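A short write-up of the structure that comes next.
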Amino acid sequence: MIKSILILIIFPIFLFSSQQIILVVADNFNTSKAKLMFYQDDKVLLSTEVNLGTNGLGWGIGEVELSKRSNEPLKYEGDRKAPTGVFKLTNIFGYSHQNNYKLPYLYTSKELICVDDSLSNFYNHIIQANGDEKSFELMKRSDNQYKYGITVAHNKKGESKRGSCIFLHLQKDTDTSTAGCTSMDESSLKKIILLLDKKKNPLLIQISKHSLKEIQILYPRATCKFKPSKQLNSSHSDF
């Protein structure tokens, strides 16, 4: 009870400092489709459909702890689930050297990797490859899904096996799910990237529909205009 009261007191203050919120809401933990809305200063600047992990959602490690049901899964490495929770958006990355973004930018060279080996000291870190890494993901992909993207600060401390390398990135196509990231069409992603501003402390709130009431109580300004799609069809074809 005390914990719940503290969350109700602290969480709105934490979120109030964020003037940009990307809210992603799925119908349930098993679907690989969701609706995204971009809020800035109480205004909705973008709304679109997105793809989640092939196996739906799992509770991730973010900035605050939301209420969980006993039958809801946690996010683990390799489970093909997208993380649920509240996460900071730390930087933009892409294949181009030049950018005019308001969030820190990382040029993704061919040598840049994200380490997904949970035994590595660099687990869940983006680093320059040195040849010693046992398992990693190339940040410059041949399919252009990482042509530009946004880093989601999930599992920032690198807790072993709790998931790594979570991004917002380009979709392979409209109905293709992901290995655990959130993907969308190029037009929507480009607009979001241009809008994101470090000074506005951008957040990703990614939840299933039953958590929406809790978010509405904790931060009603970012959900007042949210109307879930009548039907978010589930897709199970991963890239």
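A few remarks follow.
- For VAL152, residues with placed amide H under 5 Å, excluding near neighbours: ILE166, PHE167, LEU168
- For LEU57, the amide hydrogen comes within under 5 Å of the amide hydrogens of ASN30, THR31, ALA82, counting only partners 5 or more places away or on other chains and with H modelled in the peptide plane.
- Dipole axis of the stretch 2-222 (+1 Lys, Arg; -1 Asp, Glu on Cβ), positive-most option in SER188, ASN130, SER120: SER188
- Spin-label zone in the stretch 161-182 - amide nitrogen under 15 Å from a point set 7 Å from the Cα of LEU119 along the C-beta vector: 161
- Karplus-derived 3J(HN,Hα) values for the stretch 100-109, using 6.51 cos²θ - 1.76 cosθ + 1.60 with θ = phi - 60°, are 10, 8, 9, 10, x, 10, 10, 6, 9, 6 Hz; glycine and proline are entered as x.
- Net charge dipole, the stretch 2-222: roughly 460 debye, given to the nearest 20, about the Cα centre with Cβ charges of +1 for Lys and Arg and -1 for Asp and Glu.
- Among the listed pairs LYS81/LYS147; LYS147/LYS209; LYS75/LYS191; LYS102/LYS156, those beyond 25 Å (Cα-Cα): LYS147/LYS209; LYS75/LYS191
- For the stretch 57-118, the list of GluC sites (Glu not before Pro) that fall in a loop by DSSP and count at most 13 other C-beta atoms within 10 angstrom reads GLU65, GLU111.
- Approximate spin-label separation ASN100-LYS68, in nm, with each point projected 7 Å along Cα-to-Cβ: 4.4 nm
- Within the straight-line cut-off of under 14 Å between alpha carbons, the aspartates and glutamates reachable from LYS110 are GLU137, ASP143, sequence neighbours fewer than 8 places apart in one chain being disregarded.
- Kirkwood hydrodynamic radius (C-alpha pairs) into Stokes-Einstein, the stretch 2-222, 20 °C and 1.002 mPa s, D in µm²/s: 122 µm²/s
- Applying the Karplus relation 6.51 cos²θ - 1.76 cosθ + 1.60 with θ = phi - 60° to the stretch 142-150 yields 3J(HN,Hα) values of 6, 8, 6, 5, 10, 3, 8, x, 10 Hz, where x marks Gly and Pro.
Values in this text are rule-based calculations from the coordinates and carry no lab data. Keep in mind it's a predicted model, so treat the numbers as computed, not measured. Every residue, glycine as well, gets a Cβ built from its backbone with ideal geometry; the counts of neighbours run over all protein chains shown.
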